[in-house]
Amino acid sequence: MALFSAGIGQMQLSPSEILASLLHGIGLDWGTLPTHPYAGSALWSVRFPRVVMAVVVGAALACSGVLMQGVFGNPLAEPGVVGVSSGAAALACVVIVFGLNFFGTWTVAFAAFLGGLAATAVVYATARSGGRTEVVTLVLTGVAINAVGGAVIALMTFLGDSSSREEIIFWQLGSLNGTRWDNVLIAGPVTAIGIGLAFFLTRKLDLLALGERPARHLGVDVERLRVQVIVIVAILTGAAVAFAGIIGFVGLVVPHMLRLALGPGHKVLLPASALGGALLLLVADTVARTLVPNADLPIGMLTALVGGPFFFWLIRRTRKQDGGWS
């Protein structure tokens, strides 16, 4: 799929040409390079960074969904639905408008991490009561955080200059247009670290699925586990939102579908969701830049068109089978 995605666009290239360009790029003179004089530049400067970023962002958002659903014990928990993405984008917009640069090229990513961390902490503190997650409170908290995040973004749009406004519109719609290798070299390692840390928590999340009391009897420090998951979710969501904007429903659709197919075990579900999220966003990005000629559609719009109906289906299915959530 990555070879196919890199090959289509205004300049059509075959998968064999894409593979040959990749091999020549790493020093292996195999295959026939593209004949177009600008193909190499287009691939290595525009398409390859965008393809890699789609894989990174999709994996980060899907794994965030797995972790949130595991720690909240509810399939509705997802960074976009509960406002974590909005929190990350809002603080990133503040950094952009006021020109803050305290961590150099990492400043926007760090601000997005802090925004995501704050939003996740608010969700956790508000939705948890008496050792359980209240679903209505969870969703309403997400509505409130999304509203506040939207208001902050609107204020920054009002205060910012024309250049800042263009960047803010990027955050609101979600897009991989303009991705550079510099962005990939920041988001990629951060996402790899976040997913790597999450692997160490898969067994504890499986035990937590049995219930808090059984998990404690089996040696799980539940509150410590929740704090660890919140920090990792903020790292993953911040890395994704910092360079792709708000892309919703990836963390909802992918883990839920794979849980139906593979079961609830997090040791399998986490890596499978990383691959599934990468594939979903790769497909969405390919559609976004090829559906309308000479136009680049927002990815967030496309994922919402798929994720919104899925969200409704998930609610109706659960109400029909289990009588809903309490």
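The values are calculated or read from the model by the stated rules, or taken from the named source; none is laboratory data. These figures come from a predicted structure and were not determined experimentally. Cβ atoms come from the backbone with ideal geometry, glycine included; neighbour counts cover every protein chain shown. Accessible surface areas use protein heavy atoms only, side chains included; no ligands, DNA or RNA. Shrake-Rupley method; radii C 1.70, N 1.55, O 1.52, S 1.80 Å.
Subtracting the Cα-Cα distance of Ser162 and Ala209 from 0.36 nm times their residue separation leaves 12.1 nm of extension gain. With the convex hull drawn over the C-alpha atoms of segment 142-209, the volume per residue is 132 Å³.
Using Cα-only point scatterers and the Debye equation, what is log10 of I(q)/I(0) for segment 149-253 at each q in 0.14 Å⁻¹, rounded to two decimals? Log10 I(q)/I(0), no solvent term: -0.72.
Inter-part distance, segment 236-274 to segment 291-306, computed on C-alpha centroids, equals 20 Å. Between Ala89, Ala147, Ala62, the GNM of the chain built on Cα springs shorter than 10 angstrom shows Ala147 fluctuating the most. On a 0 to 90 degree scale, rounded to 10, what angle separates helix 181-199 from the longest Cα axis of the chain? Approximately 30 degrees, to the nearest 10. By accessible area, using a 1.4 Å probe on protein heavy atoms only, the chain has 67% of its surface on carbon and sulfur.
Of the whole protein surface, Val292 contributes about 60 Å² of accessible area at a 1.4 Å probe radius.
For segment 70-102, the residues whose amide N sits under 15 Å from a probe point set 7 Å from the Cα of Ala151 along the beta carbon direction are 87, 90-91. Report Rg/Rh for segment 1-153, rounded to two decimals, where Rg is the Cα radius of gyration and Rh the Kirkwood radius. Expressed as Rg/Rh, it is 1.15. If you sort Ile246, Ile168 by accessible surface, 1.4 Å probe, largest first, the order is Ile246, Ile168.
Computing Rg and Dmax of the Cα atoms in Å for the structure here picks out one of (1) 23.2, 74; (2) 20.2, 66; (3) 29.4, 124, namely (2).
Peptide packing: for 28-37, 255-264, the average count of neighbouring Cβ atoms within 10 Å per residue gives the ranking 255-264, 28-37, highest mean first.
Given the C-alpha atoms of segment 220-293, compute the convex hull and give its volume per residue in Å³.
Values: hull volume 7.6 nm³, N = 74.
In segment 220-293, the Cα convex hull volume per residue is 103 Å³.
Accessible surface computed residue by residue for the chain, with neighbouring protein chains in place and a 1.4 Å probe, gives 46 Å² per residue. In the chain, Cα pairs under 8 Å separated by at least six residues give a relative contact order of 28 percent. Label sites at Ala121 and Thr35, each approximated as a point 7 angstrom past Cα along Cα to Cβ, lie 6.1 nm apart.
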